[in-house]
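The values are calculated or read from the model by the stated rules, or taken from the named source; none is laboratory data. Treat the numbers as computed from the prediction; the structure is a model and nothing was measured. So basically every Cβ, Gly included, is an ideal-geometry build from the backbone, and we count neighbours across all protein chains shown. With ligands, DNA and RNA removed, areas are computed over all heavy atoms of the protein, side chains included. Shrake-Rupley method; radii C 1.70, N 1.55, O 1.52, S 1.80 Å.
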Amino acid sequence: MKLNEISEALKCETFCGAEYLDREIKFGCASDLMSDVLAFSRAGAVLLTGLVNIQTINTAFLAEIEALVFVRGKIPDERMIEMAIIKKLPLIGTPYSMYEACGILFNQGLGSTMECISEKVING
Amino acid sequence: MDKTFTRTFTVVGNNFTDAGKVSTEIKMILKQLGINSTIIRRVAIASYESEMNVVMYANKADISLVVSPSEIQIVVEDVGPGIPDIELAMKEGFSTATTEMREMGFGAGMGLPNIKRNADIFNIESIMGKGTKLNITVSLN
């Protein structure tokens with residue numbers, strides 16, 4: 001799924017990185033816990049989060065997250081945007097809640113970055 | 001890459017504003033050295049979790065990066081309170097984090113296990129009242 005399709009589906013506004021909206025997104029990941037993102041995400045995912053601070057940008061950059069979606073109308077500050085521009089990380093924001101945003105993307109076929117773990121738990 | 005690359009960084013405890021800077025620099029260096037991206041991601045995550053641990057719990061630390069033709073080694077040596085029970089600290093979910101740490105998205109007891117998960121060799125030593133030393137090795141072969 002392309003990032004611009006995600007942006008459209010979630011009625012997003014773009015804070016920075018409009019030039020990267022044609023990026024291919026392989027997985028979806030949603031968390032406010034950055035340690036969970038670092039532990040369980042795979043490279044090539046979009047991260048949906050309600051956590052708006054510098055560590056969200058660092059986590060995304062270091063874990064090879066392709067884009068950040070801030071949920072429920074949250075807005076990153078100037079310093080975050082500056083950092084994201086340097087790190088070539090697109091930041092977009094949706095009015096939807098985390099639960100709704102995840103549901104919309106899941107329904108459109110975007111698989112979970114944590115799928116390998118849930119399969120292991122379900123199938124033993 | 002034939003030669004060994006070495007660099008040491010300093011991280012200051014409780015400086016949440018700059019937390020992540022050293023790991024970002026380490027990632028940039030590894031990219032410039034032409035290291036495989038999967039390896040870079042593992043090293044970057046291990047380094048970032050270590051850096052956050054220093055910021056959250058220690059007074060300061062030296063983080064050294066050594067890249068040889070066969071492996072990448074990160075050594076984190078902090079001056080801090082030390083860890084009273086390493087076995088317990090290595091358990092997923094065990095944490096002594098404060099509210100401020102949790103507000104940053106950390107302090108959920110995933111740090112040390114996550115460092116170990118990304119390392120090929122992981123070593124931890126701690127002396128109460130002095131500090132903690134982590135030795136993280138990721139093989140390039």
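In region A:68-124, what residues are within 19 Å of A:Gly44 (Cα to Cα), touching a Lys or Arg at 6+ places or on another chain (Cβ under 8 Å) and modelled with pLDDT of 95 or more? Of everything in region A:68-124, those that are within 19 Å of A:Gly44 (Cα to Cα), touching a Lys or Arg at 6+ places or on another chain (Cβ under 8 Å) and modelled with pLDDT of 95 or more turn out to be A:Pro90, A:Gly93. If you go through region A:27-56 and keep only what is more than 22 Å from B:Ala46 (Cβ to Cβ), in contact with an Asp or Glu (Cβ under 8 Å, 6 or more places away or on another chain) and open to solvent by 20 Å² or more (accessible area, probe 1.4 Å), you end up with just A:Val52.
With respect to B:Lys21, is the statement that it is within 24 Å of B:Thr4 (Cα to Cα), at pLDDT 95 or above and within 9 Å of another protein chain (Cβ to nearest Cβ) true? It is true that B:Lys21 is within 24 Å of B:Thr4 (Cα to Cα), at pLDDT 95 or above and within 9 Å of another protein chain (Cβ to nearest Cβ).
For every residue, the table says whether it meets (1) at pLDDT below 95; (2) assigned to a helix (DSSP H, G or I); (3) basic (Lys, Arg).
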site: B:Gly93; (1), (2), (3): yes, no, no
site: B:Asn114; (1), (2), (3): yes, yes, no
site: B:Phe122; (1), (2), (3): no, no, no
site: B:Glu125; (1), (2), (3): no, no, no
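Taking the criterion of being open to solvent by 70 Å² or more (accessible area, probe 1.4 Å) and free of Cβ contacts under 8 Å to residues at least 40 places away in the same chain, the residues of region B:121-141 that qualify are B:Ile121, B:Asn123, B:Glu125. Taking the conditions (1) more than 14 Å from chain A (Cβ to nearest Cβ); (2) surrounded by fewer than 22 Cβ atoms within 10 Å (Cβ to Cβ); (3) in contact (Cβ under 8 Å) with a residue 60 or more places away in the chain in turn, B:Glu100 satisfies each one other than (1).
Here is a yes/no grid of residues against (1) part of a loop (DSSP other than H, G, I, E, B); (2) without any contact (Cβ under 8 Å) to a residue 24 or more places away in the chain; (3) more than 14 Å from every other protein chain (Cβ to nearest Cβ):
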| position | (1), (2), (3) |
| --- | --- |
| A:Gln55 | no, yes, no |
| A:Ile65 | yes, no, no |
| A:Val69 | no, no, yes |
| A:Met83 | no, no, no |
| A:Ile92 | no, no, yes |
| A:Gly103 | no, yes, yes |
| A:Phe106 | no, no, yes |
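Among residues that are more than 10 Å from chain A (Cβ to nearest Cβ) and either surrounded by fewer than 17 Cβ atoms within 10 Å (Cβ to Cβ) or in a loop (DSSP other than H, G, I, E, B) (or both), B:Leu88 is included. Please verify whether B:Glu49 is assigned to a helix (DSSP H, G or I), modelled with pLDDT of 95 or more, open to solvent by less than 10 Å² (accessible area, probe 1.4 Å) and not aromatic (Phe, Trp, Tyr), treating the condition exactly as stated. So B:Glu49 fits the description; yes. In region A:18-33, the condition of being among the charged types (D, E, K, R), touching a residue at least 60 places away in the same chain (Cβ under 8 Å) and part of a strand (DSSP E or B) is met by no residue.
Could we say that B:Val54 is surrounded by 15 or more Cβ atoms within 10 Å (Cβ to Cβ), part of a helix (DSSP H, G or I), modelled with pLDDT of 95 or more and away from chain A (no Cβ under 13 Å) here? Yes.
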